[in-house]
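Taken together, the values in this text are just the output of simple stated rules run on the coordinates, not laboratory data. Because the structure is a prediction, the values reported are computed rather than measured. Every residue, glycine as well, gets a Cβ built from its backbone with ideal geometry; the counts of neighbours run over all protein chains shown.
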Amino acid sequence: MKSDAMAPGRARTVLNIVLWLIQGLLAIFFVYAGYTKLATPAVELARMMPWTAELPSLVPVTGIADLLGGLGIFLPTLTRIRPRLTALAALGLLVLQGLAMGFHAVRGEMAVLPMNIVLILLVAVVLWGRTRAIPVAGR
């Protein structure tokens, strides 16, 4: 009689695939967000994100943080060159999203908070997965 429980090896494989998918999606999201903040003209960016018109000096800071976080959440694990950097990138993205939540809450932009929460949860899964469940060994 077959058990409904997944075999440990299979569960580990599935979790690894899920982690890679989440890491890939987060990388795409954050690299795109960073690129958008850094490459979009200020007037056009202000139409998408009104806060950028009021705090233009914050735009390159958050753009660079998004870009580096997006690269860091994926590339060190992919290349197996210092894969622990993925955990540091995840920590940085957790801090960034926590600060973003506070920033948007203070400004009354509550519609943005669910996205921040989803990003925090996904980044936390990567942090847990790549530090505890299935860490990737370096070269």
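In what order do Thr40, Thr79 fall by count of nearby beta-carbon atoms within 10 Å, going from fewest to most? The partial results should precede the final answer.
On the way: Thr40 17, Thr79 13.
The most exposed by this proxy come first: Thr79, Thr40.
Only Cα pairs under 8 Å and at least 6 apart count here; give the relative contact order of segment 26-133 as a rounded whole percent. Walk me through the numbers on the way to the answer.
On the way: 114 pairs, mean separation 26.6, N = 108.
Relative contact order comes out at 25 percent.
Over segment 57-114, what number does the Rg to Rh ratio reach, with both radii from the alpha-carbon atoms and Rh per Kirkwood? Before the final figure, lay out the partial values.
Numbers: Rg = 13.4 Å, Rh = 12.3 Å.
Rounded to two decimals, Rg/Rh equals 1.08.
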Margin query: With θ taken as phi - 60° and the coefficients 6.51, -1.76 and 1.60, list the Karplus ³J(HN,Hα) couplings across segment 40-50 in order, rounded to whole Hz; mark glycine and proline as x.
Written below: 7, x, 3, 5, 5, 4, 5, 5, 7, 9, x
Next item on the list: Starting at the first residue of segment 6-20, write each ³J(HN,Hα) from the Karplus equation 6.51 cos²θ - 1.76 cosθ + 1.60 with θ = phi - 60°, in whole Hz, x for Gly and Pro.
Entry: 6, 4, x, x, 5, 4, 5, 5, 4, 4, 4, 5, 4, 4, 4
Notebook entry, point to check: Dipole of the chain, Cα-centred, from +1 at each Lys and Arg C-beta and -1 at each Asp and Glu C-beta, to the nearest 20 debye?
Noted result: 740
Next item on the list: Rounded to whole Hz and in sequence order, give me ³J(HN,Hα) for segment 115-121 from the Karplus expression 6.51 cos²θ - 1.76 cosθ + 1.60, θ = phi - 60°, writing x for Gly and Pro.
Entry: 5, 4, 5, 4, 5, 4, 5
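Please arrange Val136, Val95 by how many other C-beta atoms lie within 10 Å of their C-beta, fewest to most. Kindly include the intermediate steps, with their values, before the conclusion.
Values: Val136 16, Val95 13.
The fewest-first ordering by Cβ neighbours comes to Val95, Val136.
Order of Thr131, Thr52, Thr36 from fewest to most other C-beta atoms within 10 Å? Could you put the intermediate results ahead of the total?
Values: Thr131 14, Thr52 20, Thr36 17.
Least crowded to most crowded, the residues run Thr131, Thr36, Thr52.
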Note to self: What is the distance in Å between the Cα centroid of segment 67-85 and that of segment 119-139?
What the structure shows: 11
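Using only alpha carbon positions, build the gyration tensor of the chain, then give the equivalent ellipsoid semi-axes as the square roots of 5 times its eigenvalues, largest first, whole angstrom. Before the final figure, lay out each step's value.
Working: eigenvalues 216, 58, 27 Å².
The three semi-axes for the chain are 33, 17, 12 Å.
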Notebook entry, point to check: What whole-number value in cubic angstrom gives the convex hull volume per residue for the C-alpha atoms of segment 89-139?
Noted result: 58
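Find out how many positive minus negative residues lie around Ala89, taking Lys and Arg as positive, Asp and Glu as negative, among other residues whose Cβ is under 12 Å from that of Ala89.
On the way: positive: Arg82, Arg84, Arg130; negative: Asp66.
Summing Lys and Arg as +1 and Asp and Glu as -1 gives +2.
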